Every structure is written in C-alpha cells, then in structure tokens.
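So the structure is just underneath, and the comments pick up after that.
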C-alpha cells in the first residue's frame, strides 16, 4: 500500500529539521554584530565601558568563527591590528583578512561580520606574540600605496592552529582594562583587568 502525498511531505519535512544550517548560523552572528553596533551609540563613561566590553566579546566571537571557517574552507584567515592617527588622536582598529592566491585580502564571505572595527579614542591595544613580546601596530606611510604586501599579525590556519598570543586593552592612562589570551588551538580566555577569576 503506497503512502498518501500528505504523509510523504510531512516525512520529508521532519527529516530536514535535524540541525542548524550554515546560513542560520551566519544570520545569528549578524544579529550579534548588529547588537554590538547599537551598543556603540552610548557615549558616557559607563557606556564606553560597555562598548569596549561588547567589542572585545565580538572580536573573540568572530575570531572563533574565523578559525572554524578556515578549517571548513581550507583557507587561512588573519587578524590585522592597526594604530592610526585620526582627528588629532591615536585610534586602534582591527581588520579581518583571508589568504588569496596573490596575497592577503578582505574575506570574500561573511559580509559585515568581517568588517573593520575601531576602538574609541583613549583606548590602546598592545599585541603580544609568542616570538615577539610587543608588536608594532602603527601603519607605515606607504601602506595604502602597497596594500598587496600587508599581512596579518595573527593567523588562523586551515589546519586548526593559531598564532599564539595575547592582546592587552588599556585606557590611555595605562590602566589594563582587559587581556585577551589564546593558545595554539585558538582557545580564547578573557581576563577582566588581566586577572583570572578564583577557581580558574
């Protein structure tokens, strides 16, 4: 005895509801990015603290996604931290890159999730890598004329490994606000004021 068309359709729809698709995960990450952008609108000191915390969590979330994407696509991703003089003050930002045949370039997929982000003025970033205690973040004057030679300081390899390092987020008076650490396997740890919570 053959099944009715209604039974066949319901069976097909049930078998398709097993998990999240890549598109659904991308949409969820886009919502996180939009919420992070909305938090950027606050301008008070407590608001700035919330903004910085949101940006740091956003950076770590996208870094974890970049490592997963590198392993799935077989293409390396990279994080480039930059220091630039803007409007009479120093502004720190970070940019995501993807390894192409002819060098590093903006990621093909991911849209706004991999967009360049700026920290507010008065915030300083220090990058520490395994082979270099402090990494220079300032861009050279001829950066825009020779973008083909740029390369990220932190690489998320398709093999699942990552450049070991840490980022210190400081106020302009030198106070350590956050420390982001990660190991060879891309396991991140966020330390408020650089201190681990008791029991960790």
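A short reminder: the numbers here are calculations on the coordinates, not readings from a lab. The shown structure was predicted, so the numbers you read here are calculated from the model rather than taken from an experiment. Virtual Cβ from ideal backbone geometry, glycine too; neighbours counted across all protein chains shown.
Data table
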item: Gained length - residue 24 relative to residue 112, 0.36 nm times residue gap less alpha-carbon distance; result: 30.1 nm
item: Ascending count of other beta-carbon atoms within 10 Å, so fewest first, for 92, 57, 77; result: 57, 92, 77
item: Potential extension, residue 129-residue 64 segment - 0.36 nm per residue separation minus Cα distance; result: 21.6 nm
item: FRET efficiency for residue 161 and residue 84, using Cβ-Cβ distance with R0 set to 45 Å, rounded to 0.05; result: 0.90
